[in-house]
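First comes the structure, then the notes that go with it.
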Amino acid sequence: MARPKKTPTPSCPPKAATVREWLTRQAQQDLLRFITCGSVDDGKSTLIGRLLWESQQIFDDQLRTLQADSRRYGTQGNDIDFALLVDGLAAEREQGITIDVAYRFFSTPRRKFIVADTPGHEQYTRNMVTGASTADVAVLLIDARQGMLTQTRRHAYLVSLVGIKHVVLAINKMDLLGYQKTVFDTIAADFATIAEALGFQSITPIPVSALQGDNVTARSPHTAWYQGPTLMGCLETIDIPKPSQHKAIFPVQWANRPNASFRGFSGTLAAGRLALGDELRVTASGQTATLTRIVTADGDLNTAQAGDAVTLVLDRELDASRGDVIALAAQPLEMTDQFEATLVWMHDEPGLLGRAYELKLANQWAGASITSLKYRLDVNTQAHESCKQLALNDIAVVNLALSKPLVFAPYTANQTLGGFILVDKFTHATVAAGMIRHNLRRAQNVHRQALSITREDRERLNGHKGKVIWFTGLSGSGKSTIANALEKELHAQGKRTYILDGDNVRQGLNKDLGFTDADRVENIRRVAEVAKLMMDAGLIVMTAFISPFRAERQMARELIGEDNFIEVFVDTPLEVCEQRDPKGLYKKARSGQLPNMTGINSPYEPPTAAALTINTGVVDAKDAVAKISCHLAGCK
């Protein structure tokens, strides 16, 4: 395939004398971010490659590489395979699919573009959400031979979910069906039907052949019946109005103090406008100050607009740092520690009620847990389905509780303060992306009551500190036996104690819980809360629970406090526990009668930094009690 002969675009000025004019034009052009999405093999990468080719955004060395890769990996015989321009990963080229999000920049005389090529496979839905989160327009491809597919519906819903209001419906591979108008009309009508509930402001169907170039940048003679714009023409002219934001939102990226004479707060103004002389407020602390300078790399400004990267200098020093959000004092922002949100689950590990995660909202971090799974959404029917946990690519509406209040806004009002991610505390993997729907009224209606008698008063009366001794280990390891013997010893010393035993608690407080992973998480969450209350009463609390997951034990540690939490790992080997089998549970599990037995068909995650480790296969209860008592007394 010969390279098309065209006049050089403004992206490559022919003479040095025109560079300044070219740079001026480039600076004046607006930027459109768009994504391509759709089902597998709909031609997304080929379409972007065709756009880059037609706009002459390929250098000679890239062309030579593309020609070589087309011979090695391509699917078009001796012709250039345009998809290889954006399928950058070796795995993508070998499999002929898009896995990661590939970003490309190109420009025309009318506009600059950043395009994200997003994966079509369902298992990479999380990557598609990443690409869509910053886009203004979605180019949704549909294979004319296949029509509407499940993944097409999924991507259409996700596009609406992240707030994209403009869709270009590229009905691709029309060349393979003889450019039939009836095929185009049927698919466009089918999409319009499912889009009625998605709130798009514009839908522009275009019949294209990404491979042949029909209606990509030039009108095709094969579709004389089509009178609409070409794909490039649509992208060049589509109007994306700037969101009207009245409140200024400035998340602090870092406190900038290069020397003793300068102190400012650096970041990007996410919304609104700031001007010299404005009275500003640090939202969390309520501190106020007057804006005296707006510093940029190119000099000071009198005003800053949304999107500007600036450093704010104030007339007095404030205690603020990364994670704080600055706003106009006259237009304060809201804070909450509970809200309803839409979650897109992005991890193989299931999302469980009560499990502790880290939440990042703008530059703010807080502990977070799902307190209610309201429903999961079926993207095909838009039906609401009940669920007890979240699996990879599930989309659900949930309630979340935070460890501290954060500055927020509904996602529809502001994406910066409305969009967040959930992060696993141990692996630091991003497990979910979320969009805040609204604050929960209970967050404003529930306030902590100050009590006259404190924990210190109760401890003074008891004559000892309150503590939580958390025994963890397999069933039959000896947790309850050691806890019972320890309580007898402490009771003999005149100390106030209580044992929270797994079986006993499940006969009352946790009677409604089973033994699924989700129920085990909730079981430990409730026990941790009760143990904290008992410790606040000045008691030495012993908990004897398998507590198989590190995440929940860490949640209990953080809730109770590092100084008050003593983790005792009863590290008795599985074969010893199974030989004992005091309740006959292992026998039932081996015969298939007990499907969620920890150590057999449900995992146990051993502690990595327990305060004490005891193997009751070699240490008896008396020696174990002596070891724990010594630890409590501070023995070396």
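The values are calculated or read from the model by the stated rules, or taken from the named source; none is laboratory data. Since we're looking at a predicted model, the values are computed, not measured. Neighbour counts are summed over all protein chains in view; Cβ atoms, including those assigned to glycine, are modelled from backbone coordinates with ideal geometry.
Which ones in the range 383-396 are part of a strand (DSSP E or B) and surrounded by 17 or more Cβ atoms within 10 Å (Cβ to Cβ)?
First, the residues of the range 383-396 that are part of a strand (DSSP E or B): 384-385, 389-390, 395-396.
Scanning the range 383-396 gives Gln389, Leu390, Ile395, Ala396.
What residue, of Leu461, Leu490, is aliphatic (A, V, I, L, M) and farther than 30 Å from Pro582 by Cβ? Explain how you work it out, then say what you get.
Details: Leu490 fails: farther than 30 Å from Pro582 by Cβ.
That would be Leu461, the only listed residue that is aliphatic (A, V, I, L, M) and farther than 30 Å from Pro582 by Cβ.
Yes or no, residue by residue, for (1) of a type outside the set (A, V, I, L, M); (2) without any contact (Cβ under 8 Å) to a residue 24 or more places away in the chain:
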residue: Glu552; (1), (2): yes, no
residue: Thr572; (1), (2): yes, no
residue: Gly584; (1), (2): yes, yes
residue: Ser591; (1), (2): yes, yes
residue: Ser602; (1), (2): yes, no
residue: Leu612; (1), (2): no, no
residue: Val619; (1), (2): no, yes
residue: Leu632; (1), (2): no, no
residue: Cys635; (1), (2): yes, yes
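Could you go through the range 295-316 and let me know if any residue there is in a strand (DSSP E or B), in contact (Cβ under 8 Å) with a residue 24 or more places away in the chain and touching an Asp or Glu at 6+ places or on another chain (Cβ under 7 Å). Break it down stepwise before answering.
Keep residues of the range 295-316 that are in a strand (DSSP E or B), which gives 295-296, 299-301, 303-305, 309-314.
Subsequent filtering for residues that are in contact (Cβ under 8 Å) with a residue 24 or more places away in the chain retains 295, 303-305, 309-314.
Those left that are additionally touching an Asp or Glu at 6+ places or on another chain (Cβ under 7 Å): none.
No: zero hits.
Which numbered condition in (1) over 26 Å from Gly617 (Cα atoms); (2) not in a helix (DSSP H, G or I) is the only one that Glu522 fails?
(2)
Of these, Gly463, Gly478, Gly502, which one is modelled with pLDDT under 90 and either outside the structural domain of Ile421 (by TED's automatic domain parsing) or more than 38 Å from the chain's Cα centre (by Cα) (or both)?
Details: Gly463 fails: modelled with pLDDT under 90; Gly478 fails: modelled with pLDDT under 90.
Checking each option against the conditions leaves just Gly502.
Counting only residues that are part of a loop (DSSP other than H, G, I, E, B) and of a type in the set (Gly, Ala, Ser), which one in the range 544-582 is nearest to Ser629 (Cα to Cα)?
Gly561
Go through the range 222-243 and give me each residue that's within 30 Å of the chain's Cα centre (by Cα) and either of a type outside the set (A, V, I, L, M) or in a strand (DSSP E or B) (or both).
Answer for the range 222-243, where residues must be within 30 Å of the chain's Cα centre (by Cα) and either of a type outside the set (A, V, I, L, M) or in a strand (DSSP E or B) (or both): Asp239, Pro241, Lys242, Pro243.
For the range 201-216, indicate whether the set of residues that are closer than 16 Å to Tyr157 by Cα and charged (D, E, K, R) is non-empty. Write out each step before concluding.
Here is the first cut: in the range 201-216, the ones closer than 16 Å to Tyr157 by Cα are 201-203.
If we keep only those that are charged (D, E, K, R) as well, we get none.
No, the conditions are met nowhere in the range 201-216.
Can you say whether Ala320 is outside any strand (DSSP E or B) and not charged (D, E, K, R), as far as the supplied structure shows? Give the derivation first.
Numbers: outside any strand (DSSP E or B): yes; not charged (D, E, K, R): yes.
Answer is yes for this residue.
Does the range 359-380 contain at least one residue that is touching a helix residue (DSSP H, G or I) at 6+ places or on another chain (Cβ under 8 Å) and at positive phi? Let's see the steps before the verdict.
Step one: filter the range 359-380 for residues touching a helix residue (DSSP H, G or I) at 6+ places or on another chain (Cβ under 8 Å), giving 367, 369, 377, 379-380.
Then keep just the ones that are at positive phi; that gives none.
There is no residue in the range 359-380 that is touching a helix residue (DSSP H, G or I) at 6+ places or on another chain (Cβ under 8 Å) and at positive phi.
Condition check ((1) over 23 Å from Arg154 (Cβ atoms); (2) of a type outside the set (D, E, K, R)) across all residues:
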{"position": "Leu353", "(1), (2)": "yes, yes"}
{"position": "Ala356", "(1), (2)": "yes, yes"}
{"position": "Lys360", "(1), (2)": "yes, no"}
{"position": "Cys387", "(1), (2)": "no, yes"}
{"position": "Ile395", "(1), (2)": "no, yes"}
{"position": "Leu406", "(1), (2)": "yes, yes"}
{"position": "Pro410", "(1), (2)": "yes, yes"}
{"position": "Ile421", "(1), (2)": "no, yes"}
{"position": "His438", "(1), (2)": "yes, yes"}
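Going through Leu612, Leu594 one at a time, which residue ends up being assigned by TED's automatic domain parsing to the domain that holds Lys627, surrounded by 12 or more Cβ atoms within 10 Å (Cβ to Cβ) and more than 20 Å from Lys627 (Cβ to Cβ)?
Details: Leu612 fails: more than 20 Å from Lys627 (Cβ to Cβ).
Residue meeting the stated conditions: Leu594.
I want to confirm something. Restricting to the range 208-221 and keeping residues that are more than 20 Å from Gly147 (Cβ to Cβ) and not in a loop (DSSP other than H, G, I, E, B), which single residue is farthest from the chain's Cα centre (by Cα)?
Selected residue: Pro221.
Matching residues to (1) without any contact (Cβ under 8 Å) to a residue 40 or more places away in the chain; (2) of a type outside the set (Asp, Glu):
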| residue | (1), (2) |
| --- | --- |
| Phe184 | no, yes |
| Asp190 | no, no |
| Thr204 | yes, yes |
| Ser209 | yes, yes |
| Val216 | no, yes |
| Ser220 | no, yes |
| Gly228 | yes, yes |
| Ile238 | no, yes |
| Pro251 | no, yes |
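What is the one condition in (1) touching a residue at least 24 places away in the same chain (Cβ under 8 Å); (2) in a strand (DSSP E or B) that His246 does not satisfy?
It is condition (2) that His246 fails.
Does Gly299 meet the test of being in the same structural domain as Leu269 (by TED's automatic domain parsing), surrounded by fewer than 14 Cβ atoms within 10 Å (Cβ to Cβ) and farther than 16 Å from Phe250 by Cβ? I'd like the intermediate steps shown before the answer.
Working: in the same structural domain as Leu269 (by TED's automatic domain parsing): yes; surrounded by fewer than 14 Cβ atoms within 10 Å (Cβ to Cβ): yes; farther than 16 Å from Phe250 by Cβ: yes.
It is true that Gly299 is in the same structural domain as Leu269 (by TED's automatic domain parsing), surrounded by fewer than 14 Cβ atoms within 10 Å (Cβ to Cβ) and farther than 16 Å from Phe250 by Cβ.
For (1) at pLDDT below 90; (2) under 13 Å from the mean Cα position of the chain (by Cα), each residue gets a yes or a no:
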| site | (1), (2) |
| --- | --- |
| Ser386 | no, no |
| Leu392 | yes, yes |
| Ala401 | no, no |
| Gly434 | no, yes |
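Would the range 402-412 turn up any residue that is part of a loop (DSSP other than H, G, I, E, B), assigned by TED's automatic domain parsing to the domain that holds Leu559, surrounded by 14 or more Cβ atoms within 10 Å (Cβ to Cβ) and touching a residue at least 40 places away in the same chain (Cβ under 8 Å)? Steps first, please.
We begin by selecting, within the range 402-412, every residue part of a loop (DSSP other than H, G, I, E, B); these are 409-412.
Remaining after also requiring assigned by TED's automatic domain parsing to the domain that holds Leu559: none.
Looking through the range 402-412, none of the residues is part of a loop (DSSP other than H, G, I, E, B), assigned by TED's automatic domain parsing to the domain that holds Leu559, surrounded by 14 or more Cβ atoms within 10 Å (Cβ to Cβ) and touching a residue at least 40 places away in the same chain (Cβ under 8 Å).
Say we look at the range 357-382 and pick out the residues that are in a strand (DSSP E or B) and in contact with a Ser or Thr (Cβ under 6 Å, 6 or more places away or on another chain); which of these is farthest from Ala255 (Cα to Cα)? Lay out the reasoning, then the answer.
Restricting attention to the range 357-382, the residues satisfying the condition of being in a strand (DSSP E or B) are 357-361, 364-377.
After this cut, where a residue has to be in contact with a Ser or Thr (Cβ under 6 Å, 6 or more places away or on another chain) as well, the list is 366-367.
Details: Ala366: 20, Gly367: 23 Å.
The qualifying residue farthest from Ala255 (Cα to Cα) is Gly367.
Out of everything in the range 240-272 that is within 30 Å of Val167 (Cα to Cα) and either of a type in the set (S, T, N, Q) or touching a His at 6+ places or on another chain (Cβ under 9 Å) (or both), what residue ends up being surrounded by the fewest Cβ atoms within 10 Å (Cβ to Cβ)?
Step by step, filter the range 240-272, then rank; the result is Ser244.
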